[in-house]
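For reference, the structure discussed in these notes is given below.
Read the figures in this text as sums done on the coordinates, not as results from a lab. Because the structure is predicted, anything quoted here is derived from the model rather than measured. Backbone-built Cβ (ideal geometry, glycine too); neighbour counts: all protein chains shown.
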Ligand code: OGA
Ligand code: MN
């Protein structure tokens with residue numbers, strides 16, 4: 001029996017970059033997208049930092065997105081459904097790949113037109129808890145000319161990934177360098193990390 005998480009895990013095992021074009025259901029992707037628009041209206045999204053020792057100005061040159069952290073305690077059906085799917089994914093990953101993940105964190109992210117995130121890795125120098133990065137895109141009808149592609153660098157090759165709604169990308173946080181090129185329209189996602197603490 002194929003499992004709903006097989007595509008993401010099998011592509012990860014084959015190529016070190018897992019991609020599933022339909023990881024989230026359309027209704028969940030739509031619901032999370034609406035949450036971001038609502039959070040923006042309520043002025044709850046804030047400029048993202050760059051981790052430990054983050055200095056605001058330096059962070060802003062590095063990345064232009066605004067974020068809001070998810071929390072199971074938030075009384076929101078789509079956020080609950082999303083986090084419960086992530087917990088199922090972690091359970092399946094631990095069962096099939098012996099990854100020993102015991103914690104996670106996810107945030108909404110919005111890149112307004114003109115924003116980007118320079119080339120980086122997701123693991124902090126002083127904290128190696130983040131084992132895997134998992135990014136979920138929420139953008140309907142994204143076109144090449146909309147920019148905002150995720151570029152992932154691996155052994156001298158560059159893979160360019162369109163941030164289309166329902167798509168997930170999965171890779172090891174310590175090894176994969178990546179960047180988000182300038183978005184020419186508002187770009188929405190939920191990014192997160194599977195951790196061993
Ligand atoms: C990040 C990140 C990539 C993307 O949040 O660390 O690299 O495609 N996001 O949104
Ligand atoms: Mn990153």
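Placing a label point 7 Å from the Cα of residue 76 along the Cα-to-Cβ direction, the residues of the stretch 173-197 whose backbone N falls under 15 Å from that point are 188-192.
Quote the FRET efficiency, to the nearest 0.05, computed for residue 164 versus residue 126 with a Förster distance R0 of 35 Å and r equal to the Cβ-Cβ distance.
Details: r = 35 Å, r/R0 = 0.99.
The value I calculate is 0.50.
For the pair residue 1 and residue 175 in one chain, pulling the backbone fully straight at 0.36 nm per residue adds 59.5 nm over the alpha carbon distance.
First check a/c for the stretch 62-140, with a ≥ b ≥ c the square roots of the eigenvalues of its C-alpha gyration tensor; if it is under 1.5, answer rounded, and if not, answer prolate when a/b is larger than b/c or oblate otherwise. Don't jump to the answer; show the numbers that get you there.
Numbers: a/c = 2.02, a/b = 1.23, b/c = 1.65.
In terms of gyration-tensor shape, oblate.
Exposure proxy for 20, 43: other Cβ atoms within 10 Å of each Cβ, ordered fewest to most, give 43, 20. In a fully extended conformation the segment linking residue 184 and residue 41 would gain 49.4 nm over its present Cα-Cα distance, using 0.36 nm per residue. Rounded, prolate or oblate for the stretch 6-195? Axes are the square roots of the Cα gyration tensor eigenvalues, ordered a ≥ b ≥ c, and the cut-off for rounded is a/c under 1.5. Taking the square roots of the gyration eigenvalues as a ≥ b ≥ c, the stretch 6-195 is rounded. Placing a label point 7 Å from the Cα of residue 151 along the Cα-to-Cβ direction, the residues of the stretch 170-197 whose backbone N falls under 16 Å from that point are 176-184. Per-residue ellipticity at 222 nm from helix content only, as computed over the chain with -39500 (n - 2.57) for each DSSP H run of at least four residues, stands at -9000 deg cm²/dmol.
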